[in-house]
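Asks: Encoded as structure tokens, here's the structure I'll be asking about.
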Amino acid sequence: LFHIVLSGTRARVEQRIAIVRNLSEHTSTEFRELALVALGGLLQTGHFTSSHDFSFGARSRDFGWHPTTNEDLANWYRAALALAEEFCQKGSPFRLKTRAMLARHFRGLWMQAGIQDELVALAKRFARDEGWSDGWIAVRMTLKYGKDGLPQPSRDLLQGLEAELRPQDLEQKLEAYVLSQTYGHIDVADVEAEEETGEAIATTLHSEER
């Protein structure tokens, strides 16, 4: 019901977001968890499949609303991103999980959603607000695996964002290299610079501890 295609519903994105907000405010833990699942659906950009037959019932349906222009596409993901940012506010019980979720969806959103400016602005806010190590890994992954489809202006934006999100202190480095749950070990981000090898990182961590 919350995917941009194959939802089987003509509900507008604003209507679906209203449902997610209602779920997030529910007293039941299970309903609040459903809010996160639904938000993940709103942010999804690919691998859509459906085995449902939407023609059943007294009121026949089709495959549901789908974007017909690039602006339709961007408006959907702008709305989903704005909701995700709400969930990331300080004091929100969804803060940590939503920040990690945004990192997991970052590459798809960057490559397919038409909201690069919005993603840059959000990432910079996260960088000022305790950093975003998972986002830094996501940016590096996008640079690595999306390189064949990245025009130079997009690559330049990502490289600037990578520098801004790069872990600065011991706590952020531990989070990125050891504690991140988004992609696993930092090796998947293809650390290229000689000063960022595992041995150098370990030396840096030990020196900062002292």
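The values are calculated or read from the model by the stated rules, or taken from the named source; none is laboratory data. The shown structure was predicted, so the numbers you read here are calculated from the model rather than taken from an experiment. Cβ sites come from the backbone with ideal geometry, for glycine too, and all protein chains shown count toward neighbours. All accessible areas refer to the heavy atoms of the entire protein, side chains included, with ligands and DNA or RNA removed. Shrake-Rupley method; radii C 1.70, N 1.55, O 1.52, S 1.80 Å.
Asks: Which one of these is at pLDDT below 75 and in a helix (DSSP H, G or I): VAL191, VAL178?
Replies: VAL178
Asks: Run down LEU157, LEU150, LEU96 and say which single residue is under 30 Å from HIS26 (Cα atoms) and either out of contact with any Asp or Glu (no Cβ under 7 Å at 6 or more places or on another chain) or among the basic types (Lys, Arg) (or both).
Replies: Result of the check over LEU157, LEU150, LEU96: LEU96.
Asks: Filter the range 104-125 down to residues that are open to solvent by less than 60 Å² (accessible area, probe 1.4 Å) and without any contact (Cβ under 8 Å) to a residue 40 or more places away in the chain, then give me how many there are.
Replies: 3
Asks: Further, regarding this structure: Which of (1) within 14 Å of the chain's Cα centre (by Cα); (2) polar (S, T, N, Q); (3) at pLDDT below 70 does SER207 not meet, given it meets every other one?
Replies: Going through (1) within 14 Å of the chain's Cα centre (by Cα); (2) polar (S, T, N, Q); (3) at pLDDT below 70 one by one, SER207 breaks only (1).
Asks: Oh, and also: For the range 126-143, what are the residues that are open to solvent by 20 Å² or more (accessible area, probe 1.4 Å) and not in a helix (DSSP H, G or I)?
Replies: Result: ASP129, GLU130.
Asks: Restricting to the range 158-168, and then to whatever is hydrophobic (A, V, I, L, M, F, W, C) and more than 10 Å from LEU143 (Cα to Cα), can you tell me which residue is surrounded by the fewest Cβ atoms within 10 Å (Cβ to Cβ)?
Replies: The selected residue is ALA163.
Asks: Okay, moving on. Only residues in the range 1-30 that are farther than 19 Å from ALA74 by Cα count as the first member; pair them with residues that are among the charged types (D, E, K, R), Cβ under 7 angstrom, at least 6 apart or cross-chain, and list the lot.
Replies: Pairs that qualify, where the first residue is farther than 19 Å from ALA74 by Cα and the partner is among the charged types (D, E, K, R), are GLY8/ARG61; LEU23/ARG32; SER24/ARG32; HIS26/ARG32.
Asks: Further, regarding this structure: Can you name the residue in the range 47-76 that is open to solvent by less than 70 Å² (accessible area, probe 1.4 Å), within 11 Å of SER7 (Cα to Cα) and not charged (D, E, K, R) and is also modelled with the lowest pLDDT among such residues?
Replies: In this case the residue turns out to be PHE54.
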